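First, the structure itself, so that you have it in front of you.
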Amino acid sequence: MAAKADSKEVIELLKTLMNIESTSEKELEIGQYLEKYIQGRGFTAERIAIEPGSTRHNVYAYLGQERKARLLVTAHMDTVPPHIPFSIDGDVIRGRGACDDLGPMVAQIFAVEELRAEGKLKEGDVSFLWVVGEEKGGPGMIAANDMGLTWDAGLFAEPTEGKVAKGHKGNLVFEVIAHGKACHSGYPHLGKSATLLLFDAMNDLTAVEWPVSDLLGPSTLNVGKIEGGAGYNILAAEAKALCSIRVSKDVEGIKRTVKEVMDKHPDVDVDFKFQYSEMLLEWEFEGFEAEPMAYGTDIPRLRGDHKKVLYGPGSIRVAHGKDEYIRVSEIMEAIEKNKKLILELLR
Ligand SMILES: [Zn+2]
């Protein structure tokens, strides 16, 4: 590879990766491809099953024989369904994985390769980790904790519109379940409808003022799914609301508040599904804009006190959609910017 990346080579690699279907749980083929690709560039590569016997493999690559590196450069291989093949129209690349997360991954690969070609990286400086399952519970990054390795810093790729992320919100996911008051027959047609009981509880919940963080802004409630009842002439026996609070601070305090609100409604239960805290990141780098990100990533899943940096080309607003895209110019800029971040983190 020449010292400066050629956009044709960049597009070619992204095209190849995007044309391999890699929806969560189907990451084997893209992992095999990446392993061969990076070996072909002179790296030592390992494909590591996320649990014994699993066909889901992370790929870990480094220079020489030393697995331990100061900086981890990482992206996820999996994409959300459905697979959408690569297409290109001028500067715009469309298809699944364009911005989440194969475009940002390619920008990292070319940045490391340019720095190598410029003689600025040596063995033990940088390793790549490409994980499975970021979009579905993060089993790949969770398994990376078992590699017996630590790093001084991690550079995580996600579409951040070319800005460095100041941090991202946590999440508290729970279901509110209302039970209709049954009459003697056991059927609630003479009691109070579960749908109305649910409304009462949800009204109280939406009236709460959730904690606000200076860096990440307000915590926000989303009522994602409501179900209940059978018809207009039947009092509902049960009604449910599946909710998520994007947490900018104090997930435990928020959880207590949700419980307190529900305790005032004797016919309503709350079932907490999962939670994770907000994450604050390293973001003060010269020449970079910085912004909080509203979405979750793999970052909290990798334990350790390494510095954490989140950066990548493309926009999360088109990720997961049917019109997912990225601009070639954004990727080329991200190669330059990644080089700066890598050198800064290795200083
Ligand atoms: Zn992603």
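If Y60 satisfies every condition in (1) away from the ligand (no atom under 16 Å from the Cβ); (2) touching a residue at least 60 places away in the same chain (Cβ under 8 Å); (3) surrounded by fewer than 24 Cβ atoms within 10 Å (Cβ to Cβ) but one, which is the exception?
Here Y60 clears every test but (3).
Show the residue pairs that are 6+ apart or on different chains and have beta-carbon atoms under 6 Å apart, the first residue being within the stretch 85-106 and farther than 14 Å from I316 by Cβ and of a type in the set (A, V, I, L, M, F, W, C), the second being modelled with pLDDT of 95 or more and assigned to a loop (DSSP other than H, G, I, E, B).
Between residues of the stretch 85-106 that are farther than 14 Å from I316 by Cβ and of a type in the set (A, V, I, L, M, F, W, C) and residues that are modelled with pLDDT of 95 or more and assigned to a loop (DSSP other than H, G, I, E, B), the close pairs are F86/N19; F86/G95; M105/A157.
Yes or no: E29 within 24 Å of L149 (Cα to Cα) and either part of a loop (DSSP other than H, G, I, E, B) or not hydroxyl-bearing (S, T, Y) (or both)?
no
Let me ask you something else. Based on this model, can you work out whether K4 counts as assigned to a helix (DSSP H, G or I), on the phi < 0 side of the Ramachandran plot, in contact (Cβ under 8 Å) with a residue 60 or more places away in the chain and not polar (S, T, N, Q)?
Here the answer is no, as K4 does not meet what is asked.
May I pose another question? Quick one: E209 ticks every box in (1) free of Cβ contacts under 8 Å to residues at least 40 places away in the same chain; (2) more than 21 Å from the chain's Cα centre (by Cα); (3) farther than 15 Å from K249 by Cβ bar one, so which box is it?
(3)
Let's see how each residue does on (1) among the small types (G, A, S); (2) at pLDDT below 95; (3) surrounded by fewer than 17 Cβ atoms within 10 Å (Cβ to Cβ):
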position: E252; (1), (2), (3): no, no, yes
position: M262; (1), (2), (3): no, no, no
position: R301; (1), (2), (3): no, yes, no
position: P313; (1), (2), (3): no, no, no
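Which strands (runs of 3 or more DSSP E) sit wholly inside the stretch 131-236 and have at least 2 residues that are surrounded by fewer than 18 Cβ atoms within 10 Å (Cβ to Cβ)?
Result: 170-179, 220-228.
Filter the stretch 119-149 down to the residues that are within 16 Å of the ligand (Cβ to nearest atom), of a type in the set (G, A, S) and closer than 19 Å to L345 by Cβ and list them by number.
The answer is A144, and nothing else.
Let me ask something else. Return the only residue of G64, G31, G40 being of a type in the set (G, A, S) and more than 25 Å from K339 (Cβ to Cβ).
Of the residues listed, the single one that is of a type in the set (G, A, S) and more than 25 Å from K339 (Cβ to Cβ) is G31.
What tally of residues in the stretch 70-104 results from selecting those that are within 10 Å of the ligand (Cβ to nearest atom) and either among the aromatic types (F, W, Y) or not in a loop (DSSP other than H, G, I, E, B) (or both)?
Of the residues in the stretch 70-104, 5 are within 10 Å of the ligand (Cβ to nearest atom) and either among the aromatic types (F, W, Y) or not in a loop (DSSP other than H, G, I, E, B) (or both).
Write out, first by first residue and then by second, each pair whose Cβ atoms fall under 8 Å of each other, whose residues are 6+ apart or on separate chains, and whose first residue, in the stretch 215-229, is in contact (Cβ under 8 Å) with a residue 12 or more places away in the chain and under 12 Å from E278 (Cα atoms) while the second is surrounded by 12 or more Cβ atoms within 10 Å (Cβ to Cβ) and aromatic (F, W, Y).
P218/W210; S219/W210
Could you tell me whether the stretch 281-289 includes any residue that is part of a strand (DSSP E or B), closer than 24 Å to N145 by Cα, touching a residue at least 12 places away in the same chain (Cβ under 8 Å) and within 16 Å of the ligand (Cβ to nearest atom)? Give the derivation first.
Narrowing the stretch 281-289 to residues part of a strand (DSSP E or B): none.
No, the stretch 281-289 contains no residue that is part of a strand (DSSP E or B), closer than 24 Å to N145 by Cα, touching a residue at least 12 places away in the same chain (Cβ under 8 Å) and within 16 Å of the ligand (Cβ to nearest atom).
The values are calculated or read from the model by the stated rules, or taken from the named source; none is laboratory data. Owing to the predicted nature of the structure, the values given are computational and were not obtained by experimental measurement. Note that we place each Cβ from the backbone using ideal geometry, even for glycine, and neighbour counts take in every protein chain shown.
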